[in-house]
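What follows is a single structure, written as structure tokens, with notes after it.
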Amino acid sequence: MKTLVAVLAVMLTLPVPELFAQKKKAMSQREMVDVVLANTKPLKHPRGERLPLYLWPLHGLGTTNEVEAARLLKSLDERGLPVIASWNPAPQRREQSLRDALWLGRLQKKIGLPITISAIACMNSFCNGDEKTAHIGDDGKPFFDFSFEEKRPMGCPFALGFRHPVIREQLEFFLDAYQHEGLDIHFIFVDWEVDGPIEWNDAWAHSKRCRRCREHIPNIADFGAFQKALREIRCRMQRECLAKPVLKRFPKALVGNYAVYPNDGWRYWYDYFEKLAPDAPFKADQRARYRPWSQEFPLTGFTVSMPVVYTWYATPTWYDFASSDYRWFYNLLLVASKSGEHKAARAPSIPFVHWHTTAPPKEPNPAVKQFSAEKYQELLWHMLLRGHDTLFLWCPRDETAEETRLLHEVWAASLEHREFLEKGKPVTFDVPRQQGPVVSAVQLGDRLLVRRTDFDEGKGPVALSIGGKTLTVPRVDGRCQVLTLVR
């Protein structure tokens, strides 16, 4: 009691701004690791050959004590969670960044853990504001496109080639050091988004004004031709400056980029910085406007696909389903199903996921309701049964506890069905256009691992036809079923 009184006395002597600042104190990385550990449990079922579960909050351990670091690495590994090393090539930071990353890598190698790398900073920036990267008007004057971010000078897609050696060197500095140390990289990824050629926002209009763009794309009035030209350049940048340098040194590495994945020719979501280009074609679905998408994955040379299954703020406003949850579920399952169905052979799929409403405005519409935790976890199950090999959580730091708990519960429980997920084959990618029962299934011989999630009050069975046989799926809420095909 005396301690409590003393603490309160000190608090009352603090000026209000200082007291408020203490409440808002940012969480350290070491504290972040503790939050992750507190919201996960050691695995009940062995992971086997399944990929680990990736968490954005685990960029580093927040300690330089080797004994403590080894303990934390082992505790996280018991939960199937790898720690991510970050590479920062900024001139004033890259030497220390390399030392920190190598220290972590050596410790992971010593313990026998896979090495995961975030090379995000190494791919920035092709569009660095240099006048040589600008569009060229008919008057010969340079100009930039600022329709993506206020301070982001997006330039001419055909003027960025001279930046390739600079970007590649930013990555090779770290790759060469890891190769010299004998540290094998298991998974290396980037989040390369607002840079290089992008066909959305006002990019098409700017390219039509650009003398150089018109010379390279004679039929620039055709959006399809414009998109194809830009995506081919973008793929070459990722292949030459990321995939090839990595795979030259580490041929077995998984290398990929946020939002680059095999697809069905349509993009079902919009990133925070994207708008549909005026006059660009789209496919309507209620109020949704799905965009034509290029088959860029094979052109990048990447060895892992990384779909994005995020609860973007606008998503539920596109649909009229009675269930608010199904408005979220329908769109997110479209993204997951189309990317899972078209997954490339020998290239695992590691989708980014996020539960809290993503990128809301300062004054959100009260009609946009949060996706329920229950149905979000159901979505995760369906993703795992539709061809995705693991999941990668992105979230702001203050969401870490709840996001981690929800995701880890599903992923850890899925390991009970490891045989199906490792050896089986997804057999349905259907996304019902009317809310009701949703079924996903993985087949192994005549047995199927099935998940059924209902968005109505119906209790009746659902019949699936699989290879001339029929599968009858009864309603069982909140768990998977193992069923047998009958003729």
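A short reminder: the numbers here are calculations on the coordinates, not readings from a lab. Since we're looking at a predicted model, the values are computed, not measured. In this analysis, Cβ positions are derived from the backbone assuming ideal geometry, glycine residues included, and neighbour counts consider all displayed protein chains.
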Q: Please work out the Cα center distance from region 366-443 to region 241-308, rounded to the nearest Å.
A: 21
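Compute the Cα gyration tensor for region 322-388, then decide on rounded, prolate or oblate, letting a ≥ b ≥ c be the square roots of its eigenvalues: rounded whenever a/c is under 1.5, prolate when a/b is larger than b/c in the other cases, and oblate in all that remain. Working shown, then result.
Numbers: a/c = 2.65, a/b = 2.03, b/c = 1.31.
It is prolate, given that a/c is not under 1.5 and a/b is the larger ratio.
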Q: Place +1 on the Cβ of every Lys and Arg and -1 on the Cβ of every Asp and Glu in the chain, take the dipole about the Cα centre, and give the residue among S337, C395, L276 whose Cα lies farthest towards its positive end.
A: S337
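In terms of the Cα gyration tensor, with a ≥ b ≥ c the square roots of its eigenvalues, is region 27-424 rounded because a/c is under 1.5, prolate because a/b exceeds b/c, or oblate?
Numbers: a/c = 1.82, a/b = 1.22, b/c = 1.49.
Cα axes put region 27-424 in the oblate bin.
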(Q) I'd like the distance between the alpha-carbon centres of region 30-48 and region 464-481, rounded to an integer number of Å. (A) 33
Q: Quick one, could you list the DSSP H helices from the chain stretching 20 Å or more along their long axis (Cα atoms) with average Kyte-Doolittle hydropathy of -0.5 or above?
A: 223-238, 324-341, 400-414
Q. Based on Cβ point charges of +1 for Lys and Arg and -1 for Asp and Glu, what charge dipole magnitude is obtained for region 265-327 about its Cα centre, in debye rounded to the nearest 20?
A. 100
(Q) Whole angstrom only: what separates the Cα centroid of region 85-126 from the Cα centroid of region 151-180? (A) 16
Q) To the nearest 0.05, how large is the calculated FRET efficiency for R249 and S372 if R₀ is 35 Å and r is the Cβ-Cβ distance? A) 0.20
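For region 12-141, just say rounded, prolate or oblate: build the C-alpha gyration tensor, square-root its eigenvalues into a ≥ b ≥ c, call rounded for a/c under 1.5, and beyond that prolate if a/b exceeds b/c, oblate if not.
Values: a/c = 2.25, a/b = 1.34, b/c = 1.68.
Oblate is the answer for region 12-141, as a/c is 1.5 or above yet b/c matches or exceeds a/b.
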Q: Counting helices only, and only those DSSP H runs with n ≥ 4, report the 222 nm mean residue ellipticity of the chain as the sum of -39,500 (n - 2.57) divided by its residues, in deg cm²/dmol to the nearest 500.
A: -10500 deg cm²/dmol
